[in-house]
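Contents: one structure, followed by commentary.
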Amino acid sequence: MNKKALRALLRERRALIAPESHGFTRPTGQGRRAPGLSQHQVDQLLHRTLGTYHRLESGNYPNPPSSLLRDIALLFGLDEQEWSSLCRFALHQDPPGPLHASSGKEIPGIWQEAVDGIEHIAYVTDASWDLLTYNSAFAELFPDGRVPTNTMRWMLLEPEARGTLLQWSTAWVPWIVPQLRAAITARPEDATLAQIEREILDDPEISPFYEEGGALVHPDGHERPLRHALKGAGWVSICAAQPMTAPGSRMFILLFRPGPERTAPTPPNLRADRTRAWSD
C-alpha cells in the first residue's frame, strides 16, 4: 500500500463532493468546516461500519476488498485512470475490471490523425473488439477494402478470415481464443462479447478450441503468417498497445513482409541506454 499517494487521492476527491448533494446538512455552529463529505458520511453512504473509510484513507486497512474500493470510486466519481491509481495505491495491482460498463468504448478523436500517419497497417478496437479507427493500409488487407466491424468475430467466425490468416487453426486461433476469454472475464456484462461467445459455442469448428481454453499470451511481438489482398502471402510482426483513457481498447500496428519465409531476424528488445544518459 502506498499510504501517502492513497491518502492524497482520496482526500482530494472526497473534498469535491458536497454533503448537501447526498441529503446531509452542513453544520452552522462550531462543527466541522472542512470541504466535502466527512469520513463518517462516506461510511453511511456506503453502508459500511463506522470507521471503515477512515482506516482506508489513513492507510491502516491492508488488502481492502476490491468491492469497497469500487464503491468508493463510484461514490467519488473517479474516472478509469483514477480507478487504476486507487487499486494500485491500495493493493499494488491493476483493477479487477473497468469501473464503468461504458469504459473502453471510445478514444479521443486525435487518434484518427495519429493512425492515418502510420505507414504500416494500423487500427484500434474498443473493449468489445469493435473497430474504432484504421488507416488505408489496414483496409488494403481485405478484398475491395471491406473491413470487418468487429475484429474478434471476424478472426474466429468469418470464413474469409481463414484464407487471410494463414495456418488459422495453429498460428492464430490458439492465441486469439484466450484473449476473448480474458475480455469476457473482465466484462461479463458486455453484450457484444457475450454474443460472440454464443456464436462460437454454436460453431462446431471453433467451439472445441474455445472449450479447451488456453493461457493468455498477448500478441505484442508475435510473428504470424498472413495473406494480404494486394501483396499476397507473407508474415506480419505485431505491435500492440492500449490507449490510456480507454481500458480494454487496443491499438495494433502490423509490419507486413511478403514471402513464404520469415525474412527478417527478430530484433533485440529495446532498453534505455543508461551509459549515454549519464555521459550527456
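The values are calculated or read from the model by the stated rules, or taken from the named source; none is laboratory data. Computed from a predicted structure; not experimentally measured. When we count neighbours, we look across all protein chains shown, and the Cβ atoms used for this are built from the backbone with ideal geometry, even at glycine.
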So P188 clears everything in (1) assigned to a helix (DSSP H, G or I); (2) over 15 Å from R224 (Cβ atoms) except one condition, right? Which one? (1)
In this structure, does I110 turn out to be modelled with pLDDT of 90 or more, of a type in the set (V, I, T), over 27 Å from M155 (Cβ atoms) and surrounded by fewer than 18 Cβ atoms within 10 Å (Cβ to Cβ)? yes
Can you confirm whether the range 120-136 contains a residue that is of a type in the set (S, T, N, Q), within 30 Å of R14 (Cβ to Cβ), without any contact (Cβ under 8 Å) to a residue 24 or more places away in the chain and exposed (fewer than 13 other Cβ atoms within 10 Å of the Cβ)? no
On the basis of being modelled with pLDDT under 85 and either outside any loop (DSSP other than H, G, I, E, B) or more than 30 Å from P95 (Cα to Cα) (or both), does W278 make the cut? yes
Count - residues of the range 95-115 that are assigned to a loop (DSSP other than H, G, I, E, B) and either touching a residue at least 12 places away in the same chain (Cβ under 8 Å) or in contact with a Gly (Cβ under 6 Å, 6 or more places away or on another chain) (or both): 13
In the set A272, A246, A229, which member is in the same structural domain as A114 (by TED's automatic domain parsing), surrounded by fewer than 17 Cβ atoms within 10 Å (Cβ to Cβ) and of a type in the set (A, V, I, L, M)? A229
Which ranges mark the helices (runs of 4 or more DSSP H) fully within the range 37-94 that have 1 or more residues being loosely packed, with under 13 Cβ neighbours inside 10 Å and small (G, A, S)? 66-76
Looking for whichever is surrounded by fewer than 17 Cβ atoms within 10 Å (Cβ to Cβ) and modelled with pLDDT of 90 or more here; the options are E212, E189, E160. Which one fits? E160
List every residue pair whose Cβ atoms lie under 7 Å apart, where the two residues are 6 or more positions apart in sequence or sit on different chains, the first residue falls within the range 4-26 and is free of Cβ contacts under 8 Å to residues at least 60 places away in the same chain and assigned by TED's automatic domain parsing to the domain that holds L75, and the second residue, located anywhere, is in a loop (DSSP other than H, G, I, E, B) and aliphatic (A, V, I, L, M). P19/L37
Please verify whether the range 201-214 includes one or more residues that are among the charged types (D, E, K, R), within 21 Å of K105 (Cβ to Cβ) and touching a residue at least 24 places away in the same chain (Cβ under 8 Å). no
Among (1) within 19 Å of the chain's Cα centre (by Cα); (2) outside any helix (DSSP H, G or I) - the single one I118 does not satisfy: (1)
Please find, among P225, P208, P247, the residue that is of a type outside the set (D, E) and in a loop (DSSP other than H, G, I, E, B). P247
What residue, of T125, T133, is among the hydroxyl-bearing types (S, T, Y), in contact with a Ser or Thr (Cβ under 6 Å, 6 or more places away or on another chain) and under 30 Å from M251 (Cβ atoms)? T125
